[in-house]
Structure formats: structure tokens, C-alpha cells
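Comments concern the structure below.
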Amino acid sequence: MTNTARPSISRRHVVRGAAALTAVGLAGAPSGAAAQGKGKIVVGTWGGDYARLLNKNIEQPILIKSGWEVIQDQAGDPERRSKILAERRLPRGTTDVQGLSALNMFQMHDAGVIDAIDYAKLKNAAKLLASMKYSYGVGHIYSGKVGVYNPKLINPAPKSYKDIFDPKHANRLGIIDIQYQYTLVCAALAAGGKVDNLEPGKKLLLECKKAGARIYPTNEAFAQGLKTEEFGIGVMWKARVVQWQNAGISVEAIAPSEGALAYVSGFVIPKNAPNKDGSYAYLDAMLEKTAQEAFAIDMGYNPTVTNAAVAADLNKRIGFAPEEVKALVDLDYAYMTQNDVALKEWWDKELKG
Amino acid sequence: MAELSAPADRLTAERRDGSFLTASVLLGPATIVVVIGLLLPILILFRYSFNKFEPRLMMVEAMTAENYIKFFTDPFYTNIFWTTLRVALLCTLVCLILAFPLSYILARSNSRYKNVLVMLVVLPLFIGNAVRAAGWMTLFGSKGALNAGLLQLGVIDVPLQIMFTERAVIIGIIAVNLPYMVLTLQSVLEGVPRDVEEAAFSLGAGPWVMFRRVLWPLALPGIVAGAIFCFILAMNAYATPTLLGGPQFKMMGPLVFGQFRLNNWPFGAAIAFVLMTATLVLAALANVLIHRRRR
């Protein structure tokens with residue numbers, strides 16, 4: 001037997017191999033660049049259904065199809081807001097657009113870390129509802145905080161937030177811990193307060209708690225409680241109610257007479273977004289008629305553009321009558337931002353304590 | 001320094017230099033990772049803990065102890081700290097009691113199935129904490145498997161409230177930490193020769209006396225290591241208290257994250273440092289006290 005079968009790597013082999021790899025790399029470069037097409041868009045978003053539907057309804061059919069590469073950076077909004085703040089000093093950030101609630105969009109604008117939106121760069125801007133045109137962000141979908149109740153347990157049906165946050169419901173009233181901001185405002189409206197004066201709401205919530213109201217940690221735990229009939233009344237986004245009804249939970253929704261509190265989910269552009277053309281391409285794609293209609297069907301949220309057609313039966317379940325749309329109540333973003341920590345401390349110490 | 005002229009001295013110096021170089025190469029990557037990935041962020045966080053929080057501006061550069069003062073002067077936060085400490089100590093104690101017999105059997109076993117038994121202990125570690133907690137949720141819920149079973153058997157009339165209680169969190173943390181304790185104790189007990197136990201028995205000691213006078217003292221360093229490990233994990237638990245404790249039960253880990261959710265980084269950093277310092281001090285103290293007693 002000779003040594004010829006044994007593999008040996010000499011300096012010459014290494015140099016030749018490296019040269020060959022470089023040549024292949026150079027030859028492959030143009031095709032790689034071609035595959036990238038228009039470039040890369042990094043999207044900060046919540047995970048779960050929302051991320052899946054962004055991919056299904058916006059990224060795949062519109063952006064990727066037209067040559068963009070889209071990468072999702074999935075995390076909860078607190079983590080992503082922290083990331084935007086942590087990256088504020090970097091000349092180039094890591095995301096091109098970030099999905100946030102209207103309140104969080106305002107907070108990031110207030111912190112000076114996001115760009116003003118140049119609506120001239122969005123061809124779909126003309127169709128965007130005026131109320132969804134924030135100077136610092138674009139509304140993607142919206143819903144309202146409606147009253148939810150199980151008709152088997154609650155009779156007669158509530159008509160207002162006042163009927164819902166009523167201590168007489170005792171332990172049949174359910175409250176969601178992570179929705180403390182909106183719950184406080186709903187309770188304030190129920191108690192005759194305003195979006196910038198939540199003190200009456202605090203008092204009312206304490207009375208409800210004393211009467212036995214249950215606090216659930218998450219939306220999912222709340223849904224589970226509704227399903228098992230641990231409680232029968234509370235407040236929630238109308239879009240979620242549709243999802244729960246689809247899941248077979250016995251639940252009905254009412255638009256409160258005080259006006260439903262609006263929830264808007266939108267997108268912002270970090271000041272140091274590396275690909276601003278990509279940012280605007282994403283914002284424009286999310287406002288496309290087809291994408292907006294698909295979100296209404298798949299997620300139960302209302303379109304933010306005027307040209308989206310929603311079937312009458314679906315609109316009855318997810319939408320609001322014109323007078324209800326007119327009555328929608330928005331948070332006082334500045335007030336909420338200024339008082340958020342204090343409100344959460346009150347919630348944790350006084351209400352849950 | 002004297003000039004190295006003799007060939008032997010030169011050789012020693014070269015070897016020393018070579019060893020130093022080898023040590024540097026071996027330690028370098030890990031040191032760089034620890035410094036960049038752990039020490040540097042901790043230092044940055046420590047600096048943040050002295051900053052101020054302004055709602056509209058988020059974090060404002062400052063040098064103030066107000067975050068620490070707020071924590072230690074507000075009973076709401078100190079109560080959370082004491083709850084965390086109580087839960088961590090209780091879980092550590094229960095883990096020790098449950099793990100010791102199991103570890104002893106594993107350590108002394110000559111069975112050909114020993115590896116299978118060890119794998120069974122390790123198996124829960126293959127599942128993430130959050131997933132495990134989700135499993136406990138389906139078991140503990142008012143219409144969960146446990147309540148449904150007990151109701152079916154007529155043992156109870158109304159479902160037991162286990163979810164969203166301290167009890168549920170303690171059970172959950174014990175389930176998470178138990179394998180760590182078992183594995184640590186098993187390796188320590190395997191290092192205690194069977195001969196010393198037999199010697200104690202041959203000198204007339206009963207099982208309890210042998211355990212107290214021979215096995216326990218010999219295994220003590222490992223027991224302390226396992227207990228400290230378990231204690232640290234329990235003090236810093238996040239997923240289990242969040243998912244099983246519900247909105248009204250608070251521990252330090254979720255409290256830290258809660259502050260970051262609110263963008264209150266300075267206070268979150270201060271709480272993180274209180275938690276880290278308390279955990280390290282208590283762990284070090286236990287170690288020192290035990291070793292001093294052994295001397």
C-alpha cells in the first residue's frame with residue numbers, strides 16, 4: 001500500500017482552492033445581486049397571526065413578487081421600542097419599518113426616534129382615512145374597544161361602558177391586566193370622566209374590584225375565562241370578538257353609547273432606517289386595496305383606506321355604523337405618555353394589590 | 001532584571017512564554033465573549049440605574065440614587081423582593097428534599113438501565129420553561145385535568161383555585177429546578193465511596209447516623225453547589241411566575257421586565273441590580289458559612 005490514497009493539503013492546494021472559491025464567488029455575485037432585486041426591507045412586528053398575515057397579505061403577494069426581499073424582526077412591542085431607543089445613536093439602525101399601536105407610535109415620535117412621514121411618497125396616501133394619517137406614522141388597521149358579554153350569563157344586554165363597569169356584576173366582570181391603559185380609559189368614560197382625566201375611572205374600577213371583578217393576565221386567558229363561563233362581561237377589541245365567535249365562544253359585542261375607544265395599529269419609520277425606499281414601499285404595499293381587504297377577512301380589523309370593499313355581512317361583524325365611527329374615542333396620547341408609568345403603578349399597587 | 005545568559009534559563013523563559021501564549025489563546029475567546037456579552041452590558045445597565053426617568057424623554061442622563069431609594073422605601077417593591085426570596089428558599093429546600101433520595105439511588109445504582117433513568121431526569125430540560133408552564137396551565141385550570149379528575153371522583157364539589165396563586169408558581173419552579181438539583185447531587189454522591197458508608201455501618205451506625213455523620217458532610221460541598229444553583233434559578237424565574245402566578249402574584253424577574261415594558265429603563269436597571277446583588281450575596285454567604293462550619 002502506498003501513501004497516495006491519503007489526502008494531503010499543501011500550501012499550494014490551499015491557495016488554489018481559495019482562488020477557485022473567489023472565482024466562483026465573483027462569478028456568482030451578479031446573479032446574487034439580481035436575486036436581491038430591489039433590496040431588503042426589515043420589518044419590526046409582533047409575532048403570531050399578525051406576522052403571518054403581513055407575510056401572506058402584503059409581503060408575498062406585493063413586495064416579494066415585485067422583487068423586494070422582506071425580513072421580519074418579530075418581538076413584542078416593548079422589546080422593539082427598546083431596540084429603537086437603544087439604536088438611536090447608531091447612524092444605521094437595523095429595521096426599516098416598525099409596527100406599533102397609535103399610542104406607541106406617538107411615544108416613539110415624542111422620543112424623537114422616528115421620521116416624519118412624507119405622504120407624497122405614498123401613491124395610496126390619497127385613499128387613506130384622514131384619521132389614520134399621523135404625521136409620524138401610518139395607520140394600518142383599526143378596531144374599537146367594545147362591550148363583550150355572554151348572553152347566557154348577562155341579561156339584559158349592556159348598552160354602555162357604564163353598564164359594563166357596574167359593581168353589580170361582581171365576579172362576572174372580567175378585566176385584562178395587559179390592557180390596563182384602555183381599561184382605565186373605558187372605566188373613566190363609564191364614570192363620566194374624560195380621556196385626560198382618569199380619576200373617576202380609577203374609583204369605579206376599585207369598586208368593581210371590591211365587588212369581585214376578576215383580573216386575567218392576557219387576552220387569551222380572558223377568552224378562556226369567557227369560554228369556561230367564569231365570567232360573562234367585559235371590554236375587548238371588536239376584531240378579537242369576531243375571532244372568538246369564530247372559535248365557538250358564546251359572546252356578543254356592543255358599541256358603547258359613550259363611543260368606542262379606538263385602537264389603531266400602524267407603522268413608523270425609524271430615523272436611522274437603513275433602507276428608506278424600502279420603508280415607503282412597505283407602507284404603500286400595506287395600504288393596497290387587496291391587502292387591506294384580506295386583513296379585514298383574516299383578522300377582523302377594519303381597513304384604513306376608503307377603496308377597500310368589505311362584504312356587508314363581514315362589515316356587520318367587524319365594522320362600525322357611520323354614527324359609531326363618528327363617535328369613536330381616541331386616547332389622549334400626550335396624557336397617556338406623560339402618565340403611563342404612574343397609571344401602571346396605580347394599577348399594580350391599588351387595583352391588583 | 002538579570003540578563004538571561006545560560007541556555008537552561010533561556011529555555012525556561014521560552015517555555016514560560018509558550019505556556020502564557022497557549023493559555024492566552026485558550027482563554028481569550030471565552031474571555032472576550034464574557035466581557036462583551038456579559039460584563040459590558042452589566043456595566044452599562046449599572047450606569048443606567050443612576051439615570052432619571054422622564055415620561056416624555058424616557059431616560060435622562062443623571063447621577064442619582066432615586067431609583068434605589070424608591071425601591072427600598074416603597075413597601076410594594078420590598079414585599080415583592082421578600083416574596084421572591086421566600087419562594088426561592090422554599091423551592092430550593094423542597095428541591096433538595098425531593099432530589100436527594102433520587103440522586104442517591106441514581107448514584108448507587110449499578111443497573112444497566114441507569115443511563116435511561118438519568119435520561120428520564122434530563123428529559124424535562126429538553127422542553128422550554130414557557131412550554132412546560134403552558135402544560136401546567138392545562139392541568140391547574142378550573143376546568144383543567146386535575147380539577148376535572150377530582151370533581152369526577154367526587155373528592156371536591158367546586159374546582160380548586162390553583163392557577164394564578166403562589167402555590168402554582170412554587171410547584172412550577174420546583175418542576176423546572178428539580179432536574180438541575182438531581183444531576184448536581186448525583187455527580188457529588190457518586191464521588192462519595194460506598195466503602196465509607198459500609199465502614200460506618202460496620203462500626204454500628206444506623207442508616208440515619210451514617211447519613212448525618214458520613215454521607216451528608218462528605219456531600220455537603222455538592223449539596224451547597226446544587227442548592228445555590230437552584231436558588232439562583234428560582235430567584236430569577238420569569239416564565240413560571242408570569243404564566244402560573246397571574247396578574248396578582250409578583251416576583252422580581254417579571255417586575256424587572258415590567259419596567260422595561262414601560263420604557264422606565266433606569267428603574268428597571270436598579271431593580272435588576274438589587275436582584276442580582278441579593279442573589280450573589282446570599283449565594284456567596286451560604287457558601288462561606290457552610291465552608292467555615294466544615295472547618
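The values are calculated or read from the model by the stated rules, or taken from the named source; none is laboratory data. These figures come from a predicted structure and were not determined experimentally. Heads up, the Cβs are rebuilt from the backbone with ideal geometry, glycines too, and the neighbour counts pull from every protein chain shown. Side chains included, ligands, DNA and RNA excluded: accessible areas come from the protein's heavy atoms. Shrake-Rupley method; radii C 1.70, N 1.55, O 1.52, S 1.80 Å.
Looking at B:A272, B:A205, can you tell me which residue is touching a helix residue (DSSP H, G or I) at 6+ places or on another chain (Cβ under 7 Å) and either crowded, with 19+ Cβ neighbours inside 10 Å or part of a helix (DSSP H, G or I) (or both)? Lay out the reasoning, then the answer.
Values: B:A205 fails: either crowded, with 19+ Cβ neighbours inside 10 Å or part of a helix (DSSP H, G or I) (or both).
Result: B:A272 is the single residue among B:A272, B:A205 that is touching a helix residue (DSSP H, G or I) at 6+ places or on another chain (Cβ under 7 Å) and either crowded, with 19+ Cβ neighbours inside 10 Å or part of a helix (DSSP H, G or I) (or both).
Restricting attention to region A:191-212, and to residues there that are of a type in the set (A, V, I, L, M) and open to solvent by 10 Å² or more (accessible area, probe 1.4 Å), which single residue is nearest to the other protein chains (Cβ to nearest Cβ)? Spell out the reasoning first.
In the first step, residues of region A:191-212 are kept if they are of a type in the set (A, V, I, L, M); the result is A:191, A:195, A:198, A:204-206, A:211.
Those left that are additionally open to solvent by 10 Å² or more (accessible area, probe 1.4 Å): A:191, A:195, A:204, A:206, A:211.
Numbers: A:A191: 22, A:V195: 17, A:L204: 19, A:L206: 14, A:A211: 16 Å.
Ranking the qualifying residues of region A:191-212, first place goes to A:L206.
Would you say A:A221 is over 14 Å from A:V146 (Cβ atoms), in a helix (DSSP H, G or I) and at pLDDT below 95? Don't jump to the end; show me each part of the working.
Working: over 14 Å from A:V146 (Cβ atoms): yes; in a helix (DSSP H, G or I): yes; at pLDDT below 95: yes.
Answer is yes for this residue.
Output the qualifying pairs, or none if there are none: Cβ atoms under 7 angstrom, residues six or more apart or on different chains, first residue in region B:204-233 and closer than 17 Å to B:V288 by Cα, second residue open to solvent by less than 30 Å² (accessible area, probe 1.4 Å) and not in a helix (DSSP H, G or I).
Note: pairs meeting the criteria are B:L218/B:V192; B:A219/B:V192.
Quick check on region A:257-272: of everything there that is in a loop (DSSP other than H, G, I, E, B) and open to solvent by less than 10 Å² (accessible area, probe 1.4 Å), which residue is nearest to A:Q98 (Cα to Cα)? Full working, then the answer.
Initial filter on region A:257-272 (in a loop (DSSP other than H, G, I, E, B)): A:257-260, A:269, A:271-272.
Narrowing the set further to residues that are open to solvent by less than 10 Å² (accessible area, probe 1.4 Å) leaves A:259-260, A:269.
Working: A:G259: 29, A:A260: 26, A:I269: 6 Å.
Out of the qualifying residues, it is A:I269.
With respect to A:I117, determine if the residue is in contact with a His (Cβ under 8 Å, 6 or more places away or on another chain), away from every other protein chain (no Cβ under 14 Å) and in a loop (DSSP other than H, G, I, E, B). First the steps, then the outcome.
On the way: in contact with a His (Cβ under 8 Å, 6 or more places away or on another chain): no; away from every other protein chain (no Cβ under 14 Å): yes; in a loop (DSSP other than H, G, I, E, B): yes.
The answer is no for A:I117.
Here's the yes/no breakdown for (1) assigned to a helix (DSSP H, G or I); (2) at pLDDT below 90:
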position	(1), (2)
B:V87	yes, no
B:V94	yes, no
B:N110	no, yes
B:L125	yes, yes
B:T138	yes, yes
B:V158	no, yes
B:Q161	no, yes
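For region B:250-268, which residues satisfy the criterion of being farther than 15 Å from A:E79 by Cα, open to solvent by less than 30 Å² (accessible area, probe 1.4 Å) and outside any helix (DSSP H, G or I)?
Once the filter is applied, which keeps residues that are farther than 15 Å from A:E79 by Cα, open to solvent by less than 30 Å² (accessible area, probe 1.4 Å) and outside any helix (DSSP H, G or I), region B:250-268 yields only B:M251.
For A:I164, are the conditions met, namely being of a type in the set (V, I, T) and open to solvent by less than 20 Å² (accessible area, probe 1.4 Å)? Even if it seems obvious, please write down each step before you answer.
Working: of a type in the set (V, I, T): yes; open to solvent by less than 20 Å² (accessible area, probe 1.4 Å): yes.
Against the criterion (of a type in the set (V, I, T) and open to solvent by less than 20 Å² (accessible area, probe 1.4 Å)), A:I164 qualifies.
Specify the residue that is farthest from B:L280 (Cα to Cα); the eligible residues are those in region B:223-250 that are small (G, A, S) and at pLDDT 90 or above.
First pass over region B:223-250, keeping only residues small (G, A, S): B:225-227, B:234, B:237, B:239, B:245-246.
Subsequent filtering for residues that are at pLDDT 90 or above retains B:225-227, B:234, B:237, B:239, B:245.
On the way: B:A225: 13, B:G226: 15, B:A227: 13, B:A234: 13, B:A237: 15, B:A239: 21, B:G245: 25 Å.
Residue satisfying both the conditions and the ranking: B:G245.
Could you tell me whether region B:272-283 includes any residue that is more than 25 Å from B:L178 (Cα to Cα) and either of a type in the set (D, E, K, R) or away from chain A (no Cβ under 14 Å) (or both)?
Within region B:272-283, one or more residues are more than 25 Å from B:L178 (Cα to Cα) and either of a type in the set (D, E, K, R) or away from chain A (no Cβ under 14 Å) (or both).
Being open to solvent by less than 20 Å² (accessible area, probe 1.4 Å) and more than 9 Å from every other protein chain (Cβ to nearest Cβ) is the filter here, so list the residues in region A:321-346 that pass it.
Once the filter is applied, which keeps residues that are open to solvent by less than 20 Å² (accessible area, probe 1.4 Å) and more than 9 Å from every other protein chain (Cβ to nearest Cβ), region A:321-346 yields A:L331, A:M336, A:L343.
Given A:G112, A:G99, A:G93, A:G44, which one is modelled with pLDDT of 95 or more, open to solvent by less than 50 Å² (accessible area, probe 1.4 Å) and part of a loop (DSSP other than H, G, I, E, B)?
On the way: A:G112 fails: modelled with pLDDT of 95 or more; A:G99 fails: part of a loop (DSSP other than H, G, I, E, B); A:G44 fails: part of a loop (DSSP other than H, G, I, E, B).
Just a single option satisfies the conditions, and that option is A:G93.
Given B:L244, B:L255, B:L262, which one is at the interface with chain A (Cβ under 8 Å from one of its Cβ atoms) and among the aliphatic types (A, V, I, L, M)? I'd like the intermediate steps shown before the answer.
Details: B:L244 fails: at the interface with chain A (Cβ under 8 Å from one of its Cβ atoms); B:L255 fails: at the interface with chain A (Cβ under 8 Å from one of its Cβ atoms).
Criteria check complete, one pass: B:L262.
Among all residue pairs at least 6 apart or on different chains, which show Cβ distances below 7 Å where the first residue, located in region B:127-138, is within 9 Å of B:A239 (Cα to Cα) and the second is open to solvent by less than 40 Å² (accessible area, probe 1.4 Å) and small (G, A, S)?
From region B:127-138, the pairs are B:N129/B:A239; B:A130/B:A239; B:A133/B:G172; B:A133/B:A239.
Since B:A199 meets every condition but one in (1) assigned to a helix (DSSP H, G or I); (2) buried (at least 16 other Cβ atoms within 10 Å of the Cβ); (3) of a type in the set (G, A, S), which condition does it not meet?
Going through the list (1) assigned to a helix (DSSP H, G or I); (2) buried (at least 16 other Cβ atoms within 10 Å of the Cβ); (3) of a type in the set (G, A, S), B:A199 breaks only (2).
Exactly one of these conditions fails for A:E350: (1) crowded, with 17+ Cβ neighbours inside 10 Å; (2) at the interface with chain B (Cβ under 10 Å from one of its Cβ atoms). Give me its number.
For A:E350, the exception is condition (1).
Within region B:157-179, identify whether any single residue is open to solvent by less than 40 Å² (accessible area, probe 1.4 Å), farther than 24 Å from B:F249 by Cα and not aromatic (F, W, Y), and answer yes or no.
Yes: one or more hits.
State all residues of region A:224-256 that are part of a strand (DSSP E or B) and over 30 Å from A:R80 (Cα atoms); if no residue qualifies, say none. Walk me through it before giving the result.
Keep residues of region A:224-256 that are part of a strand (DSSP E or B), which gives A:233-237, A:252-254.
Result: A:I233, A:E252, A:A253, A:I254.
If A:D284 passes every condition in (1) more than 29 Å from A:P322 (Cα to Cα); (2) open to solvent by less than 30 Å² (accessible area, probe 1.4 Å); (3) charged (D, E, K, R) but one, which one does it miss?
Looking at each condition in turn, A:D284 falls short on (1).
Within region B:239-294, take every residue that is under 30 Å from A:A213 (Cα atoms) and among the charged types (D, E, K, R) and give me the one that is farthest from the chain's Cα centre (by Cα).
Per the stated criteria, the residue is B:R261.
Confirm whether A:Y263 is within 14 Å of chain B (Cβ to nearest Cβ) and within 20 Å of the chain's Cα centre (by Cα). So that I can check it myself, show each step before the final result.
Details: within 14 Å of chain B (Cβ to nearest Cβ): no; within 20 Å of the chain's Cα centre (by Cα): yes.
So A:Y263 does not fit the description; no.
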